[in-house]
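Okay, so here's the structure we're looking at.
The values are calculated or read from the model by the stated rules, or taken from the named source; none is laboratory data. Note that this is a predicted model, so its numbers are computed, not measured. We place every Cβ from the backbone using ideal geometry, glycine too, and count neighbours over all the protein chains shown. These area figures cover heavy atoms from the full protein model, side chains too; ligands, DNA and RNA do not enter into them. Shrake-Rupley method; radii C 1.70, N 1.55, O 1.52, S 1.80 Å.
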Amino acid sequence: MMDESAELAVSITQIVQRLKGTHLHSQLEKQAKECLHKPEIKLETLKDDVRRLLKASGMTWLLPPPGHPRAPPEHTKEPLEYMRKAQVNWEKRILKSLNSMCTELGIPLARKRPVPEQKELTNKWNEMGTDEPDLSKFRPVYAPKDFLEVLVGLRNPNNERSEDLTVRSHWGLIQVSFNVRDIPQMREMYPELGLTYGQLGIDDHTHVPPDLFESEHIHIGKKVVSEQDSAAAQQYSRQGCPTGLRAQLWSLILNTTNDPEDITHYEQLKARVINHDLLVDNLIYKDVKLTASNDDYYFVFEDYLYQVLLCFSRDTAVLEHFSYNSATPPKSCIQNKSGSEQCAVVYPPNGVIPFHGFSMYVAPLCFLYNEPSKLYRVFREMYIRYLFRLHSISSHPSGIVSLCLQFERLLQTHLPQLFYHLREIGAQPLRIAFKWIVRAFSGYLSTDQLLLLWDRILGYDSLEIVAVLAAAVFAFRAENLMEVTSLASAEAVLADLSTLKVMPLLQIFLFATSV
């Protein structure tokens, strides 16, 4: 049984998660920042003060009942035991891969840079992309296709014996069953995407001339920004953010600032990068070289990507998100001793081992923010709110397992002939779509379209729309896909998504599909 302070900490984390993105949350955050500078607020007694104030205000229902056993912390991170086990086994695999690379190459996980190397890195901090280190020996710890195989192997042991053949033989790759929304439920969830609403990202509107809608929408957007209302910004972004206001609106939704404290924090992270070299730095370099550097939209941001990702790997503040992430930060032995718990430290310091394509989570944000400290804050908040769910095994509705299941169910329900045809020729739709989903389409759509999609992720505080778009792409190319005879030819039909328009696809799929 947890002690009372640990239970209170869990309660507070859960409350904060439920409040995130609301107007109340932004007000509380502003108040908290102001309170920190008041002499009567003492951090050492803060927990007791919160407990006392909750009791005094009659909000004792927020406190755990005395002597009442609460679920262990790992249950609040992920309630399903078989999911927890799968995540633990996956983490062991990743760590083993990292440690074996370290042993094979004879490179330490971390080392202090000699002073000349520190000076050299300081001087070329803004032009790291000109470096051409030999990265041929390094390989990504894992790629999305490796992760997909783990998800395909998930089974609920409670259903193993009782599940009848009709349920078991559903056609998809994901063999666990969660409640995911069907199209009628989605129409209720996403009313602002309806055909009668104006949208940024659609050239013609039946009810409102596009120019009139856009000018009115920009006028409202400026008002939202001037009032600094986080909840209003979130609601507003459901119909798309104008290019000139998007950076401010996203910062408002995510409650990120660029105060002197934020800039100082960023500079401290930069100093840690300059002082110490980590093995994962090579994985970051390699990933940027393999992905963003070869991308027509993102290659110009190579230096920004190195700066943000190297700082991110050192940021211990990221560890806080593991209180609601099904994952656990990996530990490794930095010294050449093993077996004693003292030398096992979280590695890398932020607890996140980058994988192939990780840098594409940052790349789209480079179009919005040209100050590294601001770019960093927004990326970190995007990651700890949404992006971590794309590479953690969990039963969360925005988790990767739910998104894959959602995608397969939508196709099976609304395009059964197409699904059956692709399955029969060995081209399971999820094998093609998984790379889009795991990156939230970054690197696959043109940047303007990707940002319109991410507007809706922030607006609805959910990644579900990513799975819907993946199904909508298949629906759009259905006629061509019905003609293909192999996985290779199906992939060829879906190889280039750069000309697709996100909002018309989503609207047609959600609101013009017969159900």
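Each label was represented as a point 7 Å from its Cα along the Cα-to-Cβ direction; for D448 and N89 these points are 4.7 nm apart. Taking amide H positions as modeled 1.01 Å from N, with prolines and chain starts lacking one, the residues under 5 Å from H276 and 5 or more places away or on another chain are R113. Solvent exposure of the stretch 322-425, expressed per residue, is 33 Å² of accessible area, with all protein chains present and a 1.4 angstrom probe. Within the set K85/K286; K47/K85; K270/K374, which residue pairs have Cα atoms separated by over 22 Å? Violating the 22 Å limit, Cα to Cα: K85/K286; K47/K85. Using θ = phi - 60° in the Karplus curve 6.51 cos²θ - 1.76 cosθ + 1.60, the 3J(HN,Hα) couplings for the stretch 142-150 round to 7, 10, x, 5, 5, 5, 4, 4, 5 Hz; x is entered for Gly and Pro. When a 1.4 Å probe is rolled over the protein heavy atoms, the share of accessible surface on the stretch 384-432 that falls to carbon and sulfur comes to 49 percent. Scalar couplings 3J(HN,Hα) for the stretch 213-230, obtained by applying the Karplus form with A = 6.51, B = -1.76, C = 1.60 to θ = phi - 60°, are 4, 5, 5, 5, 5, 5, 4, 5, x, 5, 5, 4, 5, 5, 8, 6, 9, 5 Hz; x denotes Gly and Pro.
Across the stretch 304-317, rounded Karplus estimates of 3J(HN,Hα) from the backbone phi angles (6.51 cos²θ - 1.76 cosθ + 1.60, θ = phi - 60°) give 4, 5, 4, 4, 5, 6, 5, 5, 4, 5, 9, 8, 5, 5 Hz, Gly and Pro being marked x. Close amide H partners of S446, meaning residues 5 or more places away or on another chain with modelled amide H under 5 Å apart, are L500.
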